[in-house]
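Novice: Here it is, the structure, as structure tokens.
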Amino acid sequence: MPAPNLMWRHVIISTRRSWLHGDERGFRSRGHRIHSSGDYKKPPPAGEHAELEGYHLSRAKGPPVKIPRPLRREVGLALLSAALLSKIRVLVIAVGQKHAHALVRLPRSRKRAKRIVGKWKTVRTPALRKALPGRIWGEGGKYKPVKTRDHLRAALKYIRDEQGPGAWVWTYEDGVPDEVSKAIKRVLRDRARKRRK
């Protein structure tokens, strides 16, 4: 029987500065105060919000963050470790150049779900700190509720199979990788040591 305060969510997080307001793929501002007439499937007319995009590009500190192919596994394993340390069930994670998708069981409260994923977004390994200094992930994200078993299957298949060439993908069928198990044990050991002090 499912826990009443939890639900499956298809979480999508984007890298910093990869999808600014005014983007040619379409965009929505918070509360839909400003939005384009299209979306990434049916893009808006070229230049519809070019001035707005130019404004945001001028304010952006640095270029858009792109995750190089060799680091996508490292990023995915860091997200998986963080999710498992949070005692969150994970069915699939995919990491591409500008996005990560995950199908995870999170609180029904969007605010609480966002807070949990926000903590995951801060997790860095030494390799990631060296290769991608600064923050990797942008603010916000999408936390789409998965309402039916068919929807759950479709979301899993989409995340696993439709992220394009070069995406790193992990599913629950792969089992927990050794390096994730070791990282979790190390964190738990460090936490226990701090509590004893």
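Novice: Do you know which residues across the stretch 125-150 are aliphatic (A, V, I, L, M) and not in a helix (DSSP H, G or I)?
Specialist: Listed by number, the residues that qualify are Leu132, Ile136, Val146.
Novice: Taking the condition over 24 Å from Ala154 (Cα atoms) and over 13 Å from the mean Cα position of the chain (by Cα), does Leu71 pass?
Specialist: Considered against the rule, which asks whether it is over 24 Å from Ala154 (Cα atoms) and over 13 Å from the mean Cα position of the chain (by Cα), Leu71 comes out as yes.
Novice: What are the pairs with Cβ atoms under 8 angstrom where one residue, in the stretch 168-197, is surrounded by 13 or more Cβ atoms within 10 Å (Cβ to Cβ) and the other, located anywhere, is of a type in the set (Val, Ile, Thr) and in a helix (DSSP H, G or I)? Sequence gap at least six, or different chains.
Specialist: What qualifies is Trp168/Val75; Val169/Ile159.
Novice: When you look at Leu128, is it touching an Asp or Glu at 6+ places or on another chain (Cβ under 8 Å), of a type outside the set (S, T, N, Q) and touching a residue at least 40 places away in the same chain (Cβ under 8 Å), yes or no?
Specialist: Spelling it out, Leu128 is indeed touching an Asp or Glu at 6+ places or on another chain (Cβ under 8 Å), of a type outside the set (S, T, N, Q) and touching a residue at least 40 places away in the same chain (Cβ under 8 Å).
Novice: Does Val176 satisfy the criteria of being touching a Lys or Arg at 6+ places or on another chain (Cβ under 8 Å), at pLDDT 90 or above and outside any helix (DSSP H, G or I)?
Specialist: No.
Novice: If a residue must be within 12 Å of Val90 (Cβ to Cβ) and touching a Ser or Thr at 6+ places or on another chain (Cβ under 7 Å), how many such residues does the stretch 155-197 contain?
Specialist: Residues that pass the stated criteria total 1.
Novice: Now for a different question. Hey, could you check the stretch 67-85 for residues that are in contact (Cβ under 8 Å) with a residue 12 or more places away in the chain and over 19 Å from Gly118 (Cα atoms) and say which is surrounded by the fewest Cβ atoms within 10 Å (Cβ to Cβ)?
Specialist: My answer is Pro68.
The values are calculated or read from the model by the stated rules, or taken from the named source; none is laboratory data. All figures in this text were calculated on a predicted structure; none of them were measured in a lab. Cβ atoms come from the backbone with ideal geometry, glycine included; neighbour counts cover every protein chain shown.
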